[in-house]
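Working notes, beginning with the structure itself.
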Amino acid sequence: TDFRNELERSFPTMPGAPELLADLDLAGWRLAIGTSAPQGNLKTALRLLPEAGRLQATVCGDEVVRGKPDPEVFLLAAELLGVAPARALALLKALPLELCSGFQTHLEADLRSLRALGATVDFVPAGTGDTGPVASPPHEA
């Protein structure tokens, strides 16, 4: 598709994202990416993401019955990681204000859904890419 071709030409790696994934992985966090994007877009992004090998799970919009604003993508990612949603940290992309008009409703819906599940939510400054990491803390001994 045109979108995947654009990804190939200019992959929008979020500044600091590869380092964040590496640091979380080295600290023992289990990592997943959950996105509403179709599987083809996710596969393209994962092929281009430098630290994709650190992920233990991925979930895309094709794998769930209910898309956003339903939290099914996040619930499935937590399930695949073997962690309760209330023990998960969801990192969402924080878009520059001038880009938010079309995304604000989705962002607010994600926040409501994740907070209702008891997940901790934080933001990573980002461009317009559609993937965001989901992580769970290391097991306590």
Original post:
Full extension from residue 23 to residue 56: what is 0.36 nm times the residue separation minus their Cα-Cα distance, to one decimal in nm?
Top reply: 10.4 nm
Original post:
By how many nm would the segment from residue 86 to residue 109 lengthen if fully extended, with 0.36 nm per residue of separation less the alpha-carbon distance?
Top reply: 6.5 nm
Original post:
When the label point is put 7 Å from the Cα of residue 5 along its Cα-to-beta-carbon vector, which residues of the range 27-45 have a backbone N closer than 20 Å?
Top reply: 38-45
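Rule-based calculations on the coordinates, nothing more; no lab input. All of these numbers come straight from a predicted model, not from anything done at the bench. Because the Cβ atoms are built from the backbone with ideal geometry, glycine has one as well, and the counts that use them run over all protein chains shown.
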